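K.L.:
What follows is a single structure, and I will ask about it in a moment.
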Amino acid sequence: MMEKHQLAPRFAAACVAMLALAWIPALRGSDAPASFACRLNAAEHRLATLLTGDSQRRHRLECDPELQAFARQRARDMAERGYLSHLTPERKGPNQLLRDQGFPLPPSYPGGLSNNIESITGGIRSAREVWRVLTASSTHRSHVLGQDPEFLEQDLYGVAYHQDLYSPHVDYWVIVIARRARAGEPRLICTPE
């Protein structure tokens with residue numbers, strides 16, 4: 001068994017390392033790096049760094065543990081069931097899936113098949129290439145960079161990377177960017193004309 005005086009240097013070194021990591025600017029609007037708030041793996045951290053980089057139009061974008069868990073669940077589900085789509089095989093879209101988990105999306109975000117929150121890719125190994133592909137698509141670029149007023153107000157994100165060598169696309173990436181509903185926010189009700 002180690003003596004008390006032998007443990008002290010190891011404990012001190014671990015504390016210094018953790019404090020040093022706490023000052024790494026991994027996301028905008030927060031004092032803690034994304035890897036602390038959401039426990040990102042290395043691939044997810046690389047994508048989160050690109051997401052929160054200089055080209056981001058949102059003033060505040062924080063990693064949210066609920067959205068992180070949801071993004072990972074989505075990536076894993078697509079790999080395990082062999083699909084790459086915003087819709088599950090049961091025909092549920094990301095908005096509805098996230099609401100079903102209790103996340104309070106704005107009432108103006110429709111349910112059912114709708115998607116106001118998710119960007120996905122598959123079959124790409126590197127975070128940098130994923131970022132290049134997403135930002136080359138006008139729809140995805142608008143979402144991930146906050147270029148549309150609806151997307152600009154989204155201030156929370158989760159990113160996921162899942163690899164399954166036996167799935168059709170092998171590498172699955174999910175970015176979820178959303179905001180929580182605000183108290184008293186009006187519902188958008190669509191009626192036929």
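The values are calculated or read from the model by the stated rules, or taken from the named source; none is laboratory data. Treat the numbers as computed from the prediction; the structure is a model and nothing was measured. Positions of Cβ are backbone-derived with ideal geometry, glycine not excepted, and every protein chain shown enters the neighbour counts. For the accessible areas, the whole protein counts, side chains as well, though only heavy atoms, and no ligand, DNA or RNA atoms are used. Shrake-Rupley method; radii C 1.70, N 1.55, O 1.52, S 1.80 Å.
K.L.:
Which whole-Hz ³J(HN,Hα) couplings does the stretch 66-81 yield from phi under the Karplus relation 6.51 cos²θ - 1.76 cosθ + 1.60, θ = phi - 60°, glycine and proline marked x?
P.N.:
Per residue, the Karplus-derived 3J(HN,Hα) values read 5, 5, 4, 5, 5, 4, 5, 4, 5, 4, 5, 4, 4, 5, 5, 9 Hz.
K.L.:
Which chymotrypsin sites (Phe, Trp or Tyr not before Pro) in the stretch 114-193 sit in a loop by DSSP (not H, G, I, E or B) and have at most 14 other Cβ atoms within 10 Å of their own Cβ?
P.N.:
Tyr166
K.L.:
Keeping every protein chain present and rolling a 1.4 Å probe, give me the accessible area per residue for the stretch 52-193 in Å².
P.N.:
Averaged over the residues of the stretch 52-193, the accessible area is 51 Å².
K.L.:
Could I get the Rg over Rh figure for the stretch 42-193? Both from C-alpha atoms, Rh via Kirkwood, rounded to two places.
P.N.:
0.96
K.L.:
Now for a different question. Per residue Cα convex hull volume for the stretch 103-153, in cubic angstrom?
P.N.:
108
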